[in-house]
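The values are calculated or read from the model by the stated rules, or taken from the named source; none is laboratory data. Source: prediction; values computed, not measured. Virtual Cβ from ideal backbone geometry, glycine too; neighbours counted across all protein chains shown. Note: areas computed on protein heavy atoms with side chains; ligands, DNA, RNA excluded. Shrake-Rupley method; radii C 1.70, N 1.55, O 1.52, S 1.80 Å.
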Amino acid sequence: MHPSTIELGLDRVRRVKDALGLDPAFPLVVVGGTNGKGSTCAYLEAILGAAGYKTGLYTSPHLLRYNERVRIAGQESADAALVQAFERIDAARGDTSLTYFEFGTLGAMVQFIDAGIDVAILEVGLGGRLDAVNVFDAAAAIVTSVDLDHMEYLGDTREQVGFEKAGIYRAGRPAICADPAPPASLLAHARQIGADLRCVGRDFSAQREGDRWTYGGEAVVWPALPLPAMAGAFQLRNAAAALAALEAVRDRLPVSEAAIRQGLAQARVAGRFQRIARAPDVILDVAHNPEAARALAATLREQPVAGRTLAVVGMLADKDAAGVFSALKGEIDAWWTCTPDSPRAQDAAALAAILRAHAGSTPVSVQTDVNAALAEAQSAACEGDRILVFGSFHTVAAVLDHATIQQ
C-alpha cells in the first residue's frame, strides 16, 4: 500500500490519529533505545500487572505471530480484534497511505482505548523522534541505550543517534536515560526542552549484592530485590530503568514493593538468552549489533560451560557483522553461518567470509538453512558443549517455529 517499507515522519500518522480521535486518557510509558527495549517493556508490564493495573503493551518485531505485538492484560490480541482495528484505520485514513508499522501502531492504540486499559507501554520501532509511536505523548519516556544500528536512518555517530532517541522525551516530564555514557546530544536535547532528566549512575542506580540487588532512586530505595529472571548483568540496568520510570510516575501509578518483586521474577521475553534445549544446551538470542554482541559475550562469560560454545549465526545484510564478530571473538569455538528467511538477509557464504576475517583459526562452516545449520552443530556437539543461535530476529524465529512444529 505504501511506496516504501519504512518512512520516518509523523505528519501522515498524526492525520490518521486525529481522524480516528485517538486521544488516550490513560498514561503512556514509551521505551526507546538501541538495545534492551523489549526487556524493559517486559519488566514494566509484569510489575504493573502484578500491581493490579490493566496493561496494554505494544512491541516489535514479532517472532512467530503478529499478535505478539499487541498484548492486553498480559494476553496477545486476538485475530478478530486486530482485523477490526485495521479496518477502522483503513476507513479513517482517506487518501493518506501508511506504512506497515504505522498501521500497527495506530491499531494497537485503537485496541487499548477500546479495552479500557489503565496504562500503555509502547516500544519505539526505529529511532524515536520520527517513529510512529512518538505521535503519542509519554507520561514517562525511557532511553535504554545508545549505540550504532539502523545507521541509514539514524546517522553513523552516537551523537546523531542519541539526538534521534531523545526525541521521545517531553517538556516537564520524566525522561529516563539508562545509558551509562549518554551522548551529549541526548543530554542537550533533554535540557533544551526542559525534560525531567534522570540518568543512571547519577539519579538512580542498580547495585548487585550476591543473588539480590538494590534499586536506589531519587526518593525511594528498594533493597534486596530478586535478580531479573532474564540472564545477563545488563538486565539489571534494564530493570532499573523500568523502576526509575515507575518511581517517576508513582503519584499516578503507585506500585508496591511486592509487585516489583513479583514482576522482576516473572518477566521474560523470547529470544533473550533463551534456553530451549539441554544436553547440549541450545540458547537463542536476537543480538544483532555490536553493543548487543558485547552484552552477549559478557553473559557467556558469566555462565561458563565445561565444554565448547558452538555458534549458529544468521544476520541481515545491513548489520555490522564485523563489529558483532569482533565482540564475540574468543567466546566461540566453532561457527556455522546460515541465511535467514528475509529479503534483507546476508548470504551465508558472504557472512562466512566476513567471519573468517575476524575469527582467526576458529573453524567456520556454511549451511544455507538455519535449522540445518543447527542440526549440524548438534551433531558436532559433545557432552558439556552448548550451542548459541543468534544474529537476527529472523534466525531465532526460524528455530522457534521449527521447535513448535516438531512438538
Residues of region 250-286 with backbone N under 19 Å of the label point set 7 Å from the Cα of A233 along Cα→Cβ are 273
Descending accessible area (1.4 Å probe), largest on the left, turns R69, R170, R252 into R252, R170, R69
Tilt, helix 393-406 to longest principal axis of the chain (alpha-carbon atoms), in degrees rounded to tens, equals 70 degrees
Under a 1.4 Å probe, counting only protein heavy atoms, H288 has an accessible area in Å², nearest 10, of 30 Å²
Given Cβ charges of +1 for Lys and Arg and -1 for Asp and Glu, the option among A175, S60, M151 whose Cα lies farthest towards the positive end of the dipole of the chain is A175
Rounded to the nearest 10 Å², the accessible area of F393 using a 1.4 Å probe with every protein chain kept is 40 Å²
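Give me the orientation-averaged projected area of the Cα convex hull of region 71-213, in nm², one decimal.
Answer in nm², one decimal: 11.3.
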Simple spin-label estimate for A279/A80, 7 Å along Cα→Cβ, in nm, reads 4.5 nm
Once normalised by the length of the chain, the mean sequence separation of its alpha carbon contacts under 8 Å that are 6 or more apart gives a contact order in percent of 15 percent
Unit-weight point scatterers at every alpha-carbon of the chain, Debye formula, q = 0.13 1/Å: log10 I(q)/I(0) is -1.15
Judged on accessible area alone, 1.4 Å probe, highest first, I283, I6 line up as I6, I283
Here the Cα Rg-to-2.2 N^0.38 Å ratio for region 279-327 is 1.19
Restricting to lysines and to Cα separations under 19 Å from K37, and discarding same-chain partners fewer than 8 apart, the set is K165, K319
P(r) of region 156-263 over all Cα-Cα pairs, 10 Å bins starting at 0, rounded to whole percent, reads 14, 44, 30, 12, 0
With no solvent term and unit scatterers on the alpha-carbon positions of region 20-62, Debye gives log₁₀ I(q)/I(0) at q = 0.18, 0.23, 0.32 Å⁻¹ of -0.62, -0.90, -1.21
Per-residue accessible area, 1.4 Å probe, largest first, puts W213, W222 in the order W222, W213
Given unit charges at Cβ for Lys, Arg (+) and Asp, Glu (-), the dipole magnitude of region 8-158 about its Cα centre in debye, nearest 20, is 140 debye
Of the residues G391, A327, S4, the Cα lying farthest along the dipole of the chain towards its positive end, which is defined by charges on the beta carbon of Lys, Arg, Asp and Glu, belongs to A327
Rounded to the nearest 10 Å², the accessible area of V200 using a 1.4 Å probe with every protein chain kept is 30 Å²
One finds, for L187 and D95 with R0 = 60 angstrom and r their Cβ-Cβ distance, a FRET efficiency to the nearest 0.05 of 0.90
